[in-house]
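Values in this text are rule-based calculations from the coordinates and carry no lab data. The structure displayed is predicted, hence computed values, not measured ones. We place every Cβ from the backbone using ideal geometry, glycine too, and count neighbours over all the protein chains shown.
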Amino acid sequence: MASVKKYVAEFIGTFVLVLFACGTAAVVGCSAENGTGYLLTALAFGLVIVAMAYSIGNVSGCHINPAVSIAMLVSGKMSIKDFIGYVVAQFLGATAGAGVLMAIVGKESGLGANALYNDDIVLSLVIEVILTFVFVIAILGVTSKTENSAVSGIVIGLTLTLVHILGISFTGTSVNPARSFGPALLVGGDALANVWVFIVAPLVGGVLAALVYKFLAGKEEK
């Protein structure tokens, strides 16, 4: 039952992330030329993380992102069984959130789907790996000490806002395979054809962050 509660929490958190954050991107736009909409979108993603961290964080840890979950798996902080359960819940939550969003604003809004930077797959992969690396290593660092628990949600939310402020003008910023998959599945077309980039790159970034943090934080052998 405990595992089921964790999976339900992850479903809810990812649902809210897509509905509210991708919804903000769909409504106000995320063009670099439109400064207000750009910042609102970045803030929406960060604020959702803050809200969910302090509501479901004590249940599931509030990963709501397969890239975070795979980093926790590599770090030895979760089992393979829970990893699979989390990822399935996250993808289902993201898809449900995108479905509700599409019912509200229509498919033509784009649903906050990600896109390649200048139609360049390699560059888009590199950008997403770097953005995810920064986001996930911040999570690993702030959650490594229990005394940080009171502020960890705020730190993680602000870090997600930070990577969005840079990344929106490039790829729309994914750093989250589930968040990308839900909207892309319903929008279809190029968004769906290229969604693999926004699944692979964040997972690679998450694994790299876990390995680098393990190296940095590991005790030196005498």
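First check a/c for the chain, with a ≥ b ≥ c the square roots of the eigenvalues of its C-alpha gyration tensor; if it is under 1.5, answer rounded, and if not, answer prolate when a/b is larger than b/c or oblate otherwise. If you can, show how the numbers build up before the last one.
Numbers: a/c = 1.60, a/b = 1.37, b/c = 1.17.
Cα axes put the chain in the prolate bin.
If a helix is a whole DSSP H run, which ones in the chain reach 18 Å or further along their own axis (Cα) and hold a mean Kyte-Doolittle hydropathy of at least 1.0?
Sorted by number, the helices that extend far enough and score high enough are 35-53, 80-105, 121-142, 152-171, 197-217.
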Would you work out the charge dipole size for the chain about its Cα centre, treating the Cβ of every Lys and Arg as +1 and the Cβ of every Asp and Glu as -1, and quote it to the nearest 20 debye? 700
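Take peptides 135-148, 174-187 and line them up by average Cβ neighbours within 10 Å, highest first, as a rough protection proxy.
On the way: 135-148: 17.8, 174-187: 27.6.
Going by the mean number of other Cβ atoms within 10 Å, highest first, we get 174-187, 135-148.
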Counting only residues 5 or more apart in sequence or on a different chain, those whose built amide H sits under 5 Å from that of Tyr117 are Ser124
